[in-house]
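Enquirer: One structure, pasted below without further comment.
The values are calculated or read from the model by the stated rules, or taken from the named source; none is laboratory data. As the structure is a computational prediction, the values presented were derived from the model and not from experiment. Methodologically, a virtual Cβ is constructed for each residue, glycine included, from the backbone with ideal geometry; neighbour enumeration extends over all protein chains shown.
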Amino acid sequence: MAKARKSGCLPGAVLVAMVAAPLHAAPDARAVPYWASLKSGEVYMRVGPGEDYRISWVYHRQHLPLKVLRVMQNWRLAEDPEGARGWVLVNMLTRGHDGYVTGSTPADMREAPDTNARLLWRLAPGVLGKLGECASGWCRFTVSDRAGYVRQDALWGSATLAN
């Protein structure tokens with residue numbers, strides 16, 4: 001996953017973020033936890049819910065799914081596929097339903113939701129794609145123009161979250 005450890009704040013980037021961010025984001029009526037994805041190719045995760053808090057991660061993976069665990073005004077406490085947690089501005093997230101291939105070995109994409117179905121592709125860990133319906137342990141998954149079925153337990157973002 002493309003994310004870089006940051007030890008300090010970038011004053012110019014913070015100023016741009018402050019100008020671009022609305023003062024009051026619309027409240028999110030959705031109960032937590034829920035899935036969200038990164039809206040842009042550069043998103044900061046902070047150690048606390050405010051721009052004065054230190055940046056702990058900089059993400060460079062648009063559409064990376066995050067699990068939103070807590071809501072505080074226009075900030076969301078989120079967890080990434082590797083378990084890192086921190087605070088992200090709500091307007092840096094989208095409600096799109098994306099998935100991320102987990103594990104240390106490739107995940108099989110099959111023609112049908114069955115281990116005996118024809119193998120279409122092997123997806124490397126870290127591949128991002130659009131999640132479709134999930135049922136009986138399989139999810140419809142689309143990567144670029146290639147679609148098929150992947151085991152649900154190989155995809156971060158596919159779990160049903162209890163609200």
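Enquirer: Go through LEU64, LEU77, LEU131 for me and flag whichever is under 22 Å from LYS39 (Cβ atoms) and either out of contact with any Lys or Arg (no Cβ under 8 Å at 6 or more places or on another chain) or small (Gly, Ala, Ser) (or both). First the steps, then the outcome.
Expert: Working: LEU77 fails: either out of contact with any Lys or Arg (no Cβ under 8 Å at 6 or more places or on another chain) or small (Gly, Ala, Ser) (or both); LEU131 fails: either out of contact with any Lys or Arg (no Cβ under 8 Å at 6 or more places or on another chain) or small (Gly, Ala, Ser) (or both).
Of the residues listed, the single one that is under 22 Å from LYS39 (Cβ atoms) and either out of contact with any Lys or Arg (no Cβ under 8 Å at 6 or more places or on another chain) or small (Gly, Ala, Ser) (or both) is LEU64.
Enquirer: Looking only at the stretch 132-163, filter to residues that are assigned to a strand (DSSP E or B) and either hydroxyl-bearing (Ser, Thr, Tyr) or touching a residue at least 60 places away in the same chain (Cβ under 8 Å) (or both); which one of those is surrounded by the fewest Cβ atoms within 10 Å (Cβ to Cβ)?
Expert: First pass over the stretch 132-163, keeping only residues assigned to a strand (DSSP E or B): 132-135, 138-143, 146-151, 155-156.
Subset that is either hydroxyl-bearing (Ser, Thr, Tyr) or touching a residue at least 60 places away in the same chain (Cβ under 8 Å) (or both): 142, 149, 156.
Working: THR142: 14, TYR149: 23, TRP156: 23.
Looking at the filtered set, the residue picked out is THR142.
Enquirer: Could you check how many residues of the stretch 76-117 are in a strand (DSSP E or B), within 20 Å of VAL150 (Cα to Cα) and under 10 Å from the mean Cα position of the chain (by Cα)? Lay out the reasoning, then the answer.
Expert: Restricting attention to the stretch 76-117, the residues satisfying the condition of being in a strand (DSSP E or B) are 76-79, 85-89, 93-94, 98-101, 107-110.
Right, trim to within 20 Å of VAL150 (Cα to Cα) and you get 98-101, 107-110.
Within this subset, residues satisfying the condition of being under 10 Å from the mean Cα position of the chain (by Cα) are 98-100.
Selection size over the stretch 76-117: 3.
The rows are residues; the columns are (1) surrounded by 16 or more Cβ atoms within 10 Å (Cβ to Cβ); (2) at pLDDT below 95; (3) not aromatic (Phe, Trp, Tyr).
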| site | (1), (2), (3) |
| --- | --- |
| ALA21 | no, yes, yes |
| LEU38 | yes, no, yes |
| VAL47 | no, no, yes |
| VAL58 | yes, no, yes |
| VAL68 | yes, no, yes |
| TRP87 | yes, no, no |
| ASN91 | no, no, yes |
